[in-house]
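Asker: The structure that follows is given in the form of structure tokens.
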Amino acid sequence: MANYLIRRFFQMILVVFLSTVAIYILLNVAPGGPISPCLSQPRNCPGEAEIARLEAYLGLDKPLMLRYLAWIMGDDWMGADWVYLGVTRYEKPVVARNGNPMTKTNPDTGEKEIVTESIRFWADPGPALLNPGISVWAAGTLNGNQEVTIGNPGNDDFVRQTLPYYLADTVWVKPSPAATTPTSLIASGKILSQEGSLFVMQDLNGNRYAIQTTPQTAFHFPEGDIDPRPEEGLWLNISGLTGAYGLMDKISGFHGKGHGVLRWDFGLSWRSNQPVAELISSRLNNTIMLTAASTLLAIVVGIPIGMYSATRQYSRTDYAVTTFAFFGSAMPIFWFGLMVILVFSHQFKVWDLPFLPVGGASLVREAPEGSLLQVLDAAPGSLIDRAIHLILPVLVLSLASLAQYSRFARGSMLEVLRQDYVRTARAKGLLERIVLYKHALRNALIPIVAVVVFDIAGIFGGATLTETIFSYPGMGRLYFDALGTNDWPVVMAFLYISAILIVIATLARDVLFTVVDPRIRFR
């Protein structure tokens, strides 16, 4: 068993890796995207510099596989001239927009504490911090002409041009309009693209220049944009490998703060600019309550009635259960959900009956007059409040699963009851309940376990249709909204975690097989 689990563990890693490749590539090569309005209607994003700035902000200005690498492993190490060895962690205070350190209240002591972040990589002021769209001044010497690439291969804005090529002695980043123009200035404007130590800029007249920086180039950033490398801790200079002038100079401009999904950092939502992990955690509890309640209801009700129907084949009970199963399987969830809303909310109001809520996970204000919440005097956010909000979504969501479980249980039980060992047990004179529960039930549960385990793995994913119909703030609704707004970080995080849970469910299914049927062994 141990050897089997080890093999499956490495197999799971391979499957998850292949899933991440498929998820990332398919979403990024699909038509549309967050900058499609700019490309189809340039007046929405005037100028190439604005499009370049938007691509750089969203991380779309690099080759596809390099972006995938940053998504998986993070980009805080890409282009960093200095790397912290991790002998001791360096904690840096998190600064708010007002320039002051952020604080939080310690739940144990009630005192204010400064919020810090662990820094493992540090980029010296240089090309790694240059991004398309920002304004720069450059001073240096002309060194002929150079053919350069602007944009990404495969994009509509991808071009190759021969431009004046300068070696920069000094670069001023985000210069103040009130600053005195240096006499040695050779070009000023906005960066169109950046690759390693070379960047292309365009001035107000549309002229373009290729600017090459060197290790001797002096960079001047506005005060507050950069911090000096901390003196604490042990730092190792790896600029020869990942720096702008090292072996990996092509990716040196990808330096950021993302930790990558392997470190459970899914980046920021393009829609709300919130951390994706926080969005998921804010919805996860609601989804777990909804899907767990519906799955438990389907298991507790569906499996017993399916097995009861199998023991009374072709009886009225069997026909009733079979009819119900066909009804539940054929009923469209979105239509059934709307009908439930009309009956238990709208029609109950007409009949002066206590009606049920049809939106949200809990009250945000006092209960509506005439509702079941008001009758029970449920306080906003209380257990009763959340339970009542779950009634209708759970009813709709459990219908299809309940019908499916009952059909599986009936078919599996009928197959087992025809086996020779069951007839032998009856011939020995054993009581019928012993034959059913001791000999038949465990073998009948084997195919049912496979179905139930994969449904439990889907608890994270929620129920997209049900949550959308009932405006329930869960993972399914979050995923639906992210798809509609091209919020790729949220979509990719959702699919990534779902893939992991499905792989884990596969392993759990195999282990449960050995529990249900002792004859099954993995050696």
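The values are calculated or read from the model by the stated rules, or taken from the named source; none is laboratory data. This one's a predicted model, so the numbers in the text were calculated from it and none came from an experiment. Note that each Cβ is placed from the backbone with ideal geometry, even for glycine, and that neighbours are counted across all protein chains shown.
Asker: Looking at segment 198-217, which of the residues that are aliphatic (A, V, I, L, M) and at pLDDT below 90 is nearest to F254 (Cα to Cα)? Spell out the reasoning first.
Answerer: Within segment 198-217, the subset aliphatic (A, V, I, L, M) is 198, 200-201, 204, 210-211.
Now restrict to residues that are at pLDDT below 90: 198, 200-201, 204.
On the way: L198: 13, V200: 16, M201: 18, L204: 26 Å.
That would be L198.
Asker: Criterion first (of a type in the set (G, A, S), surrounded by 20 or more Cβ atoms within 10 Å (Cβ to Cβ) and either modelled with pLDDT of 85 or more or within 13 Å of Q212 (Cα to Cα) (or both)) does S135 satisfy it?
Answerer: In short, no.
Asker: Further, regarding this structure: Hey, among D225, D203, which residue is acidic (D, E) and either in contact with a Ser or Thr (Cβ under 7 Å, 6 or more places away or on another chain) or buried (at least 16 other Cβ atoms within 10 Å of the Cβ) (or both)? Explain how you work it out, then say what you get.
Answerer: On the way: D225 fails: either in contact with a Ser or Thr (Cβ under 7 Å, 6 or more places away or on another chain) or buried (at least 16 other Cβ atoms within 10 Å of the Cβ) (or both).
Criteria check complete, one pass: D203.
Asker: Whether any residue in segment 163-173 is at pLDDT below 80 and not hydrophobic (A, V, I, L, M, F, W, C) is what I want to check.
Answerer: Taking segment 163-173 first, the residues at pLDDT below 80 are none.
Looking for residues that are at pLDDT below 80 and not hydrophobic (A, V, I, L, M, F, W, C), one finds none in segment 163-173, hence no.
Asker: Still on this structure, please answer the following. Please verify whether S36 is modelled with pLDDT under 75 and either among the polar types (S, T, N, Q) or farther than 23 Å from D481 by Cα (or both), treating the condition exactly as stated. Quick ask: steps written out before the conclusion?
Answerer: Details: modelled with pLDDT under 75: yes; either among the polar types (S, T, N, Q) or farther than 23 Å from D481 by Cα (or both): yes.
Here the answer is yes, as S36 does meet what is asked.
Asker: Hey, among S272, S281, S294, which residue is closer than 30 Å to L383 by Cβ and surrounded by fewer than 13 Cβ atoms within 10 Å (Cβ to Cβ)?
Answerer: Step by step, each of S272, S281, S294 is checked, and only S281 is closer than 30 Å to L383 by Cβ and surrounded by fewer than 13 Cβ atoms within 10 Å (Cβ to Cβ).
Asker: I need a count of the residues in segment 264-291 that are of a type in the set (A, V, I, L, M) and under 19 Å from L60 (Cα atoms). Talk me through it step by step, then tell me what you get.
Answerer: Kept after step one, since they are of a type in the set (A, V, I, L, M), are these residues of segment 264-291: 268, 276-277, 279-280, 284, 288-290.
Checking which are under 19 Å from L60 (Cα atoms) leaves us with 268, 276.
The number of residues fulfilling the criteria is 2.
Asker: Also: Being more than 24 Å from I251 (Cβ to Cβ) and either acidic (D, E) or not assigned by TED's automatic domain parsing to the domain that holds E232 (or both) narrows it down to one residue among D169, D124; which is it?
Answerer: On the way: D124 fails: more than 24 Å from I251 (Cβ to Cβ).
From the options D169, D124, the qualifying one is D169.
Asker: Another question, if that's okay. Could you check G246 against (1) farther than 26 Å from V95 by Cα; (2) at pLDDT below 80 and say which number it fails?
Answerer: All conditions pass for G246, except number (2).
Asker: Now a separate question. Give the number of residues within segment 423-440 that are surrounded by fewer than 17 Cβ atoms within 10 Å (Cβ to Cβ) and among the aliphatic types (A, V, I, L, M). Step through it out loud before you land on a result.
Answerer: Residues of segment 423-440 surrounded by fewer than 17 Cβ atoms within 10 Å (Cβ to Cβ): 423-424, 426-434, 437-438.
Then keep just the ones that are among the aliphatic types (A, V, I, L, M); that gives 427, 430-431, 434.
Within segment 423-440, residues that are surrounded by fewer than 17 Cβ atoms within 10 Å (Cβ to Cβ) and among the aliphatic types (A, V, I, L, M) number 4.
Asker: Follow-up question, since we're still on this one. Identify all residues within segment 186-204 that are closer than 15 Å to W137 by Cα and either free of Cβ contacts under 8 Å to residues at least 12 places away in the same chain or not in a strand (DSSP E or B) (or both); write none if there are none.
Answerer: D203, L204
Asker: As an exercise: evaluate T180 against (1) within 13 Å of G126 (Cβ to Cβ); (2) out of contact with any Leu (no Cβ under 6 Å at 6 or more places or on another chain) and give the number of the one condition it does not meet.
Answerer: Exception for T180: condition (1).
Asker: A follow-up question, please. Show the residue pairs meeting these rules: Cβ distance below 6 Å; 6+ apart or different chains; first residue within segment 393-405 and assigned by TED's automatic domain parsing to the domain that holds Y308; second residue surrounded by 23 or more Cβ atoms within 10 Å (Cβ to Cβ) and outside any helix (DSSP H, G or I).
Answerer: These pairs meet every condition: P393/F470; P393/Y472; L397/A463.
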